[in-house]
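Below: the structure, in C-alpha cells.
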Amino acid sequence: MPELFSGDLMVEERYDPKTVEQKWQNIWEEKGLFRTGADAAREKFYCLEMFPYPSGKIHMGHVRNYAIGDVIARYKRMQGYNVLHPMGWDAFGMPAENAAIKHGVHPSKWTYENIRYMKGQLGKLGLSYDWDREVTTCSPDYYRWNQWFFIKMMEKGLAYRRSSYVNWCPSCATVLANEQVIDTRCWRCDHAVVQKELEQWFLKITAYAEELLSSCDDLTGWPEKVVVMQRNWIGKSHGAEVDFTINGTDDMIRIFTTRPDTLFGATFLCLSPGHPLSAALVADSEGLEKVTAHYGKVDEKIGLFTGSYAVNPVNQEKIPIYIANFVLMEYGTGAIMSVPAHDQRDFEFAKKYGLPVREVITQSESSVSHVPGAELAEAYEGEGVLVNSGPFSGLASSEAKQQISAWLAEKGRGKKVINYKLRDWGISRQRYWGTPIPVIYCDACGIVPVSEQDLPVILPEDVKFTGTGGSPLLESESFLQVSCPKCGGRARRETDTMDTFVDSSWYFVAYCLGKDNITFSGKSLNPELSYWMPVDQYVGGVEHAVLHLLYSRFFTRVIRDLGITCASEPFTNLLTQGMVIKDGAKMSKSKGNVVDPDYLINRYGSDTSRLFSLFAAPPEKDLEWSDKGVEGAYRFLNRIWAMVQRHQNGLRAAASAGGKTSASDKGRALLKKTHQTIRKVTMDIEKEYHFNTAIAAMMELVNDMSGFEPFEDQDMRVFRFSVENLLLLLCPFTPHIAEELWERIGNGPSISQQPWPAWDENMAADEEVELVIQINGKLRGKLMISAGLPDEQVREIALKDSKIAEAIGQKSIRKVIIIKGRLVNIVIGE
RNA sequence: GCGAGAGUGGCGGAACUGGCAGACGCGCUGGACUUAGGAUCCAGUGGAGCAAUCCGUAGGGGUUCGACUCCCCUCUCUCGCACCA
C-alpha cells in the first residue's frame, strides 16, 4: 500500500479499500441485495456476461468483462429495472482432464477447487451477482438437460449419427475440434493431425440455416462485424446442380455451381480426392494418394487425370475428368465443373495442365469479338453477356442462370439449389470430462436413446486417467454395461461425450430458472423464461463471434420449437469487449506479460481495479495496460475520499440544497456543473456504454469540487448536493467507496438501492457561452456572450469586437456564418 | 487475395449531425509543504517562434465560408475468412 498521507499531517482517516470493500461485500450478501425474482409488475433487464471456464484463477480479461457487466447491471438496477445478473461456470473441458493425466487429480476435484477459488475472486471484485442462480455445467443437475435436449432432438431428427472425417490426433487418441488444430498439428502434443473417418453424433443446425441467416437482420443490437461473421459462416449461395454422365457409362457425376450461366465454358470436371468416384475412376492409386496428401492445402493446385471423360448435358461435349486437391468434399457435391475463363482457380489449374480456356461471358458488347485463342491473363469472374453458349448466347448472366437452370430441370439433368457453408455440428468427443451422450447400442434393437426417466446418465467417477488409449470411459465396465431400454437385453453405452459448446448453448436459459430448479417439459410455456428471456445485454469477448453465439441462437430456436419459450433470439444486445494488451501484445502466460488480479485487488482494491479497466478505453476497444494508469485511478478515489472526509462534519450538518437554492457565484457554478455531470454521465452510459468519458466527466466534477470552499450554509448545501450526486454516479463503477462515503455523510444504507439521479435541464444550461470568432475560417477571437441571443445581435457583437474590426479593416464582408451558441465565421474579401 | 475496422501530443484516449483539435488521465516541467519526497497540493504542458503569428489529426488530392469528421488515391496496422466452385 503506498503511503498517501503521513500520519502527522492528516487527521482524517485514510482510504483503506480492503476494509471498506470487505465491509460492503458482507452487507450486500447479508441483505441479499442482488437476489432477483420474476415480477410481472416491474420491467425486467437481463444482464449477462459470458461465464468463465474454471481454469484456476481469473485474469484481467475477466476483470474487464465483469466490470463492464456489473456497471450495466448496477446502473439499470438504480434506474428501477428488475435486473437479473447471474454467474456460473463452464465447467466441462479438456484442461481438467489434462490436469488429471498430468497430476493425478480427478477432473471433478480440480474443477470444483478452481470454482471455489475463482468465486472468491469474483466476490472480492464486488460484482452484483445473484448467486442463487449459479450454474455449474459439470453438475449432473445441469448436464442431464444436455441429455434431455439431445433426446428431444433425436426424436425430431435433429440429432443423428453418421460417419464423417474428423481431425484425429493419433498420439492423444481423440478427435480434435478445428480450433484445437494448430498449423495441422495437435495443440497438446504437437503430433501431426490426420483425417480419420469416424461415426459421430451430429446436431442438425443446418435445419435452421435459413432462419439463422434471415434473422441476422434482426440483430440490430449486435456489432455489425459479428453479424457479418455470422452471415459469412452460414454462407448461403444460390446455384444449380448439374448431372454430367461419364462417357460410355450410365454413371452420373453431380456438380454444384453458382454460375450455371458459364456451363458452356466448362472444359473439364474436377472431383475432390475424397469423392466416392475418385477411387473408382483412378487406376493410379499412388497418384491419387499424392493428390490426397495436398488436399485442403492452399499453396499449390495438384490434379490427376482419371482417363475418363464426362459429357456436358447442354452440348454433349466430352470433357476430361480430373481429381483436384482444391475441391472440397465438404461443400456442395464434392465435384465441380471447371470454367477456366471465368474462375481464377480453374484458370490456374488449366494453365498448369494445359487444358483449354473458353470464354463464354463478355463484359460488354464491344469485346464480344475476342480473338479466338488469344491468351487470357486471368479469369473474368464478373457477370456479362453470354457468347459461345448455343441458344443462350446473347443473354445476360442473371437471365441465363434462370433459363439454363430451367432447361436442366426440364431435361431432368439438374436443378436450382441453395447451398450453405454451414455444416451440421459434430458434437462427439472421445473424452471423459463432458456430458455422456445418452445413447445405448443394442445388438438387437440398434441405436436406442436412454429413456427420459433414466436421466441423467451419470459420468462415473472411478476411472483411470492414462492419457493414452482413448476415453477412460472405454475402461469403465460399470458404465459400459447396460440393459437395452427396449428389449432388456445386454447392451453397451455410448462412450463419447458432448462438445462443451453444448453446455454453453443454453446456460442463459438455465439462469432464469434458478439453481436446483432447472426443469424443462415441452408441455407448456415456462413463465419464468417468458419473463426473463431474452438476455437484454450480453457482454463478452469477440472470439466467440461465431461458434458460441451461433450455437446459442440454434439452441434457443430448438427450445422455442419444443414449446418451452417464445424467444427466437437469445441476446438482444451484444457488447464485444476488446482484449487486454500489455507491451503491445495480448496478455498471456506464454508471453509473460500478465497482471495478476489478486495482486491488483490486494494492493489497490477492487474499486480501483474496476475503475481503471473502465477508464482506460471504451469497452469495445482493446485496453492497453498501464501500471501508472492504475495509480491514477487510485489517486482519484483517494482525492474523493479525502475531500469528503475533510468536510464530513459540515456535510453531515447540511441538508441537501435540493438543487434550487442560490448561493455564492462559485456555489451556483458548482450546482450547474453537478447537473451537467449527471447529464453527461447518463448520456455517455446510454450512448454505447462509453464509460471512459463518463468517468472523465466525474473527474472534472471532482476537480471543480476540490477547488470549492463551502464557508456558508448555502454553499455547504450545494456542496452536499454535489457530493451525494457524485457518489450516486460513481456507484455502478466503484460501488464500495460510494457506499462507504454515502454512509459517512449521514445517509442510511444502501446507496445501491437509491434511484439513479436526474438532472434539471434548466440548472444544467449555461447562461453564458463562449463565442468563437473566425475570419475566413481561422480563429481570430473568443468572447463570452449570453446564451440564446438572436443571430443579428451575435453578428453585431462579433463585428464590434476591436480585434476583429482591426483584422477586417477596409476589406469587404462577403458573408457572415453564424452557428448558434458556437461560432461566427466572417468571410471577407481582399 | 477477399471482407471489416483503425491510424489524432511523449503515452492511453476526447471531439454532437461538418463548426475552438487535444476533454480526462498518465508522464514531464516549475512551485508549495518538507530532513527528505517515489506522498500530497498548486500551476504549466501539441510543435516552432522574443513576439505578432505560423504549422499541426498516416501521406497526397478534392468538396466547403469552414474538414479529425464527407469524397478519391496511396501507405501502414489490427481483426476475421482464407481454394466454399
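The values are calculated or read from the model by the stated rules, or taken from the named source; none is laboratory data. Source: prediction; values computed, not measured. Positions of Cβ are backbone-derived with ideal geometry, glycine not excepted, and every protein chain shown enters the neighbour counts. Ligands, DNA and RNA are excluded from the accessible area calculation, which covers all protein heavy atoms including side chains. Shrake-Rupley method; radii C 1.70, N 1.55, O 1.52, S 1.80 Å.
Segment A:370-430 to segment A:20-74: how many Å between their Cα centroids?
If we compute the Cα centre of each part, the gap is 54 Å.
Starting from the Kirkwood radius over alpha-carbon pairs of segment A:1-148, derive D by Stokes-Einstein at 10 °C in a medium of 1.306 mPa s and give it in µm² s⁻¹.
Using the Kirkwood radius from Cα pairs, D works out to 89 µm²/s.
Per residue, how much space in cubic angstrom lies within the convex hull of the C-alpha atoms of segment A:82-201?
Taking only Cα atoms, segment A:82-201 has a hull volume of 166 Å³ per residue.
About the Cα centre of chain A, what is the dipole size in debye to 20, counting +1 per Lys and Arg Cβ and -1 per Asp and Glu Cβ, all else neutral?
In debye, rounded to 20, chain A gives about 320.
Could you size up the charge dipole of segment A:16-151 around its Cα centre, putting +1 on the beta carbon of Lys and Arg and -1 on that of Asp and Glu, and report it in debye to the nearest 20?
My answer is approximately 180 debye.
Where the Cα atoms of segment A:768-828 are projected onto their three principal axes, how long is each span, largest first, in whole Å?
31, 18, 17
Using DSSP to call loops (not H, G, I, E or B), can you name the GluC sites (Glu not before Pro) in segment A:443-527 whose Cβ has at most 13 other Cβ atoms within 10 angstrom?
Sites meeting the loop and neighbour criteria: A:GLU461.
Give the accessible surface of segment A:236-420 per residue, rounded to a whole number of Å², with probe radius 1.4 Å and ligands, DNA and RNA excluded.
47 Å²
Stokes-Einstein D for segment A:437-567 at 25 °C, 0.890 mPa s, Kirkwood Rh over Cα pairs, in µm²/s? Could the numbers behind the result be given before it?
Details: Rh = 17.5 Å.
Result for D is 140 µm²/s.
Taking the highest mean first, how do the peptides A:641-648, A:669-676 order by number of other beta carbon atoms within 10 angstrom per residue?
Going from most to least packed, we get A:669-676, A:641-648.
Please determine, in degrees from 0 to 90 and to the nearest 10, the orientation of helix A:140-155 with respect to the longest principal axis defined by the Cα atoms of chain A, where the helix direction is its Cα long axis.
Around 40 degrees separate the two axes.
Can you compute the helix-only [θ] at 222 nm over chain A? Use -39500 (n - 2.57) per DSSP H run of at least 4 residues, normalise by all residues, nearest 500 deg cm²/dmol.
-11000 deg cm²/dmol
For a quick protection proxy, order the peptides A:253-262, A:17-26 by their average other-Cβ count within 10 Å, most packed first.
Result, highest mean Cβ count within 10 Å first: A:253-262, A:17-26.
In whole angstrom, how long is each semi-axis of the equivalent ellipsoid of segment A:207-343, when you take the square root of 5 times every eigenvalue of its Cα gyration tensor and sort them from largest down?
33, 18, 13
Specify which residue in the list A:SER397, A:PRO52, A:GLN79 is farthest towards the positive end of the charge dipole of chain A, using unit charges on the beta carbon of Lys, Arg (+1) and Asp, Glu (-1), about the Cα centre.
A:GLN79
So what is the diffusion coefficient of segment A:226-270 in µm² per second by Stokes-Einstein at 20 °C and 1.002 mPa s, using a Kirkwood Rh over Cα pairs?
Translational D for this selection: 167 µm²/s.
Could you report segment A:768-828's accessible area per residue, 1.4 Å probe, as an integer in Å²?
66 Å²
List the chymotrypsin sites (Phe, Trp or Tyr not before Pro) in segment A:495-528 that DSSP assigns to loop (not H, G, I, E or B) and whose Cβ has at most 12 other Cβ atoms within 10 Å. Which are they?
Qualifying residues, ordered by number: none.
Please provide three numbers in whole Å: the alpha-carbon extents of segment A:236-420 along the principal axes, with the largest listed first.
Extents along the principal axes: 48, 36, 34 Å.
Rg and Dmax of chain A, using alpha carbons, in Å: what are they?
That works out to 34.4, 110 Å for Rg and Dmax.
About the Cα centre, and with charges only on the beta carbon of Lys, Arg (+1) and Asp, Glu (-1), how big is the dipole of segment A:522-596? Nearest 20 debye, please.
220 debye
Could you give the angle, 0 to 90 degrees to the nearest 10, between helix A:107-124's Cα long axis and the longest principal axis of the Cα atoms of chain A?
Once rounded, the angle reads 30 degrees.
Which listed residue (A:PRO597, A:TYR143, A:THR220) has the Cα farthest towards the positive end of the charge dipole for chain A, taking +1 on Lys and Arg C-beta and -1 on Asp and Glu C-beta about the Cα centre?
Projecting each Cα onto the dipole axis, the largest value belongs to A:PRO597.
Reported to two decimal places, what Rg/Rh ratio describes segment A:569-632 when computed on Cα atoms with Rh from the Kirkwood expression?
Taking Rh as the inverse mean 1/r over Cα pairs, Rg/Rh reads 1.03.
Once the Cα atoms of segment A:582-725 are picked out, what are the Rg and Dmax in Å?
Rg and Dmax of segment A:582-725, Cα atoms, are 18.1, 60 Å.
Work from the charge dipole of chain A (Cβ charges, +1 for Lys and Arg, -1 for Asp and Glu, about the Cα centre) and give the residue of A:LEU158, A:GLY37, A:LEU729 farthest towards its positive end.
Selected residue: A:LEU729.
Given Cα pairs under 8 Å that are at least 6 residues apart, what percent is the relative contact order of chain A?
14 percent
Quick one: in segment A:650-792, what % of C-alpha pairs are over 18 Å apart?
Percentage above 18 Å: 62.
What percentage of the solvent-accessible surface of chain A, computed with a 1.4 Å probe over protein heavy atoms, is contributed by carbon and sulfur atoms?
It is 50 percent, rounded to a whole number.
Compute and list, largest first, the equivalent-ellipsoid semi-axes of segment A:722-830 from the alpha carbon gyration tensor, each √(5λ) rounded to a whole angstrom.
Taking √(5λ) for each eigenvalue gives 49, 13, 11 Å, largest first.
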